[in-house]
Amino acid sequence: MTAAAERVELSALVCPGCGRPVAGEPPTGWPDRAGRPPAFSHRDGSVLCPDDRGRVPEPVEVLR
């Protein structure tokens, strides 16, 4: 599969924890001591809902 075929529209991505749409920007206020920020956040700038181990997940694609 080519890179172009693997691309997903941002509007098709949601937080796997709550199902809200995501933004293609890091969460606001991510502390430097936490390391590299995630590439995605909720549209309000908050971090995506952590999984049961406290890890920040990648967004998931919603099939329409």
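The values are calculated or read from the model by the stated rules, or taken from the named source; none is laboratory data. All of these numbers come straight from a predicted model, not from anything done at the bench. Note that each Cβ is placed from the backbone with ideal geometry, even for glycine, and that neighbours are counted across all protein chains shown. In case anyone asks, the SASA skips ligands and DNA or RNA and just uses the protein heavy atoms, side chains included. Shrake-Rupley method; radii C 1.70, N 1.55, O 1.52, S 1.80 Å.
Each residue of region 38-52 was assigned a 3J(HN,Hα) from its phi angle through the Karplus curve 6.51 cos²θ - 1.76 cosθ + 1.60 (θ = phi - 60°); the sequence is x, 7, 10, 8, 5, 4, 7, x, 7, 5, 4, 4, x, 7, 5 Hz, with glycine and proline shown as x. For the chain, carbon and sulfur atoms together expose 51% of the accessible surface, with a 1.4 angstrom probe and every protein chain in place. Principal axis analysis of the Cα atoms in the chain yields extents of 36, 23, 23 Å, listed in decreasing size. Taking all protein chains into account, the per residue accessible area for the chain stands at 76 Å² (1.4 Å probe). Given +1 at the Cβ of Lys and Arg, -1 at the Cβ of Asp and Glu and no other charges, the dipole of the chain around its Cα centre is 80 debye to the nearest 20. Adding -39500 (n - 2.57) for every DSSP H run of four residues or longer, then dividing by how many residues the chain holds, sets the calculated 222 nm ellipticity at -1000 deg cm²/dmol.
Its relative contact order, with pairs defined as Cα atoms under 8 Å and 6+ residues apart, puts the chain at 34 percent. Database remark: amide H of Leu48 closer than 5 angstrom to the amide H of His42 (H placed geometrically; neighbours at sequence offset of 5 or more, or on other chains; Pro and chain starts carry no H).
The distance between label points at Val8 and Val60 comes to 0.9 nm (points 7 Å beyond Cα on the Cα→Cβ vector).
For the peptides 39-46, 28-35, residues were scored by their other Cβ atoms within 10 Å and the scores averaged per peptide; the highest-first order is 39-46, 28-35.
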